[in-house]
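Heads up, the thing below is written out as structure tokens.
The values are calculated or read from the model by the stated rules, or taken from the named source; none is laboratory data. From a predicted model like this one, the values you see are computed outputs, not experimental measurements. Every residue, glycine as well, gets a Cβ built from its backbone with ideal geometry; the counts of neighbours run over all protein chains shown.
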Amino acid sequence: MFWTGELIARTAPVRRRPAGDPPLSPLLEHATAAYLGLAIGDALGATVEFMTPSEIRQQSGAHRDIVGGGWLRLKAGQVTDDTTMSLALGDAILAHGRVDAKATADAFDAWMRAKPVDIGNTIRRNLITYRKTGNPEAPPSEHDAGNGAAMRVLPVALATYGQAEDAVRAANAAQAHTTHHNALSDAACEVLILMVQDFLAGRDAIAVERQRIAPFIERFPVFAYDRKRRDNPSGFVAETLQAVFQAFFATDNFENCLIDVVNRGGDADTTGAIAGMLAGARYGLAAIPRRWRNDLDGRIHQRCRDQAQALIGMCKAGA
């Protein structure tokens, strides 16, 4: 995600994941693919974050492999805050059996104290405020329309699968408002959660674009997009979603979607993570290139798999 603060290096070694996947039900398979897609898009996009498309072309032609590097100097397969905040949120949901605002704020505060590889200014500021006040809801702010809450919505989508939309919105507010109390951020989070759930339920992408995205844009025209490519998307949540939607609906497979969106540069770890989440939910595990799955940090790979299945198990148990 967008951050101009100091670099905090992460030095833990990368462990590779053994090949082979146990059989899963269709729901679990697509939920797992969504989580792996999030992490893979994050790791792929982090290499070219803040670069322009022309800089990417000069460096590597089309960027299509998980190689690490970038401004964060990551090891190949490492992920950024998009994935690690999602995992922190998922752990809090599983520990409390629901999306709880204070548990979420505590989890994010512990995550920040552990010195993550990067952290957004809005997230840092509002978590420091939480430490001082104990109030897990950040004050409303028209300036907090970044993508930091939208990048981490996947655990909410899995934990609330099958619930009414009002319950989904309330659950999202409990996590999003810890750092981003903003109407545009809320709208982006909610539509992403509902899109993931649509794809988990087997809905067609054309139907989702027509029946989910079109009404969303009618209500929030700032998110309107067309087929023209948006390069260098910033951390502003509307630009993030415009780039993601353009790439997602203009391609017809997981790999092309992620290559399209990260080669636009800009906030590429977050556009990659969100696009990967949606594409994983849409296409399933078999569509994710084996090389990307093998190149992802093995511990992150396993945590994503385990958490996806636990969150789906929790939502099914509450049904």
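Identify, from the list 259, 312, the residue that is in a helix (DSSP H, G or I) and under 22 Å from residue 89 (Cα atoms). First the steps, then the outcome.
Values: 259 fails: under 22 Å from residue 89 (Cα atoms).
Going through 259, 312 in turn, just one is in a helix (DSSP H, G or I) and under 22 Å from residue 89 (Cα atoms): 312.
Considering each of 298, 284 in turn, give the residue that is small (Gly, Ala, Ser) and touching an Asp or Glu at 6+ places or on another chain (Cβ under 7 Å).
Working: 298 fails: touching an Asp or Glu at 6+ places or on another chain (Cβ under 7 Å).
Going through 298, 284 in turn, the sole match is 284.
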Of the numbered conditions (1) part of a loop (DSSP other than H, G, I, E, B); (2) more than 22 Å from residue 242 (Cα to Cα), residue 167 satisfies every one except a single condition; which is it? (1)
Residue in region 34-62 that is farthest from residue 121 (Cα to Cα), counting only those that are surrounded by 24 or more Cβ atoms within 10 Å (Cβ to Cβ) and over 11 Å from the mean Cα position of the chain (by Cα): 44
Out of region 45-98, which residues are closer than 30 Å to residue 171 by Cβ and among the hydrophobic types (A, V, I, L, M, F, W, C)? 46, 79, 85, 87, 88, 89, 92, 93, 94, 95
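Conditions (1) in contact with a strand residue (DSSP E or B) (Cβ under 8 Å, 6 or more places away or on another chain); (2) among the aromatic types (Phe, Trp, Tyr); (3) modelled with pLDDT under 95, marked per residue:
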site: 249; (1), (2), (3): no, yes, no
site: 256; (1), (2), (3): no, no, no
site: 264; (1), (2), (3): no, no, no
site: 315; (1), (2), (3): no, no, yes
So which residues in region 182-212 are more than 24 Å from residue 143 (Cα to Cα), among the hydrophobic types (A, V, I, L, M, F, W, C) and surrounded by 15 or more Cβ atoms within 10 Å (Cβ to Cβ), if there are any at all? 194, 195, 196, 199, 200, 205, 208
Given (1) assigned to a helix (DSSP H, G or I); (2) in contact with a Pro (Cβ under 9 Å, 6 or more places away or on another chain), identify the lone condition not met by residue 264. (1)
Quick check on region 205-221. Is at least one of its residues at pLDDT 95 or above, more than 16 Å from residue 151 (Cα to Cα), of a type in the set (Lys, Arg) and out of contact with any helix residue (DSSP H, G or I) (no Cβ under 8 Å at 6 or more places or on another chain)? yes
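Name the single residue, out of those in region 240-272 being charged (D, E, K, R) and in contact with a Gly (Cβ under 8 Å, 6 or more places away or on another chain), that is surrounded by the fewest Cβ atoms within 10 Å (Cβ to Cβ). Write out each step before concluding.
Keep residues of region 240-272 that are charged (D, E, K, R), which gives 252, 255, 260, 264, 267, 269.
Of the ones still in play, those that are also in contact with a Gly (Cβ under 8 Å, 6 or more places away or on another chain) are 267, 269.
Values: 267: 28, 269: 31.
Only one residue tops the list, namely 267.
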The one condition in (1) free of Cβ contacts under 8 Å to residues at least 24 places away in the same chain; (2) over 15 Å from the mean Cα position of the chain (by Cα) that residue 257 fails to fulfil: (2)
Candidates 135, 182, 126, filtered to the one that is free of Cβ contacts under 8 Å to residues at least 60 places away in the same chain and either farther than 21 Å from residue 82 by Cβ or β-branched (Val, Ile, Thr) (or both): 135
Result of the Cβ filter at 7 Å on region 51-65, keeping first residues that are within 11 Å of residue 262 (Cβ to Cβ) and partners that are in a helix (DSSP H, G or I) and at pLDDT 95 or above, at least 6 apart or interchain, is 62/259; 63/56; 63/262; 64/259
Of the conditions (1) under 16 Å from the mean Cα position of the chain (by Cα); (2) closer than 22 Å to residue 160 by Cβ, residue 184 fails just one. Which one is it? (1)
Please note which helices (runs of 4 or more DSSP H) are completely contained in region 20-97 and include at least 1 residues that are among the aromatic types (Phe, Trp, Tyr). 26-46
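Within region 125-134, can one find any residue that is of a type in the set (D, E, K, R) and assigned to a loop (DSSP other than H, G, I, E, B)? So that I can check it myself, show each step before the final result.
Going through region 125-134, the residues of a type in the set (D, E, K, R) turn out to be 125, 131-132.
Then drop every residue that is not assigned to a loop (DSSP other than H, G, I, E, B), which leaves none.
No: region 125-134 contains no residue that is of a type in the set (D, E, K, R) and assigned to a loop (DSSP other than H, G, I, E, B).
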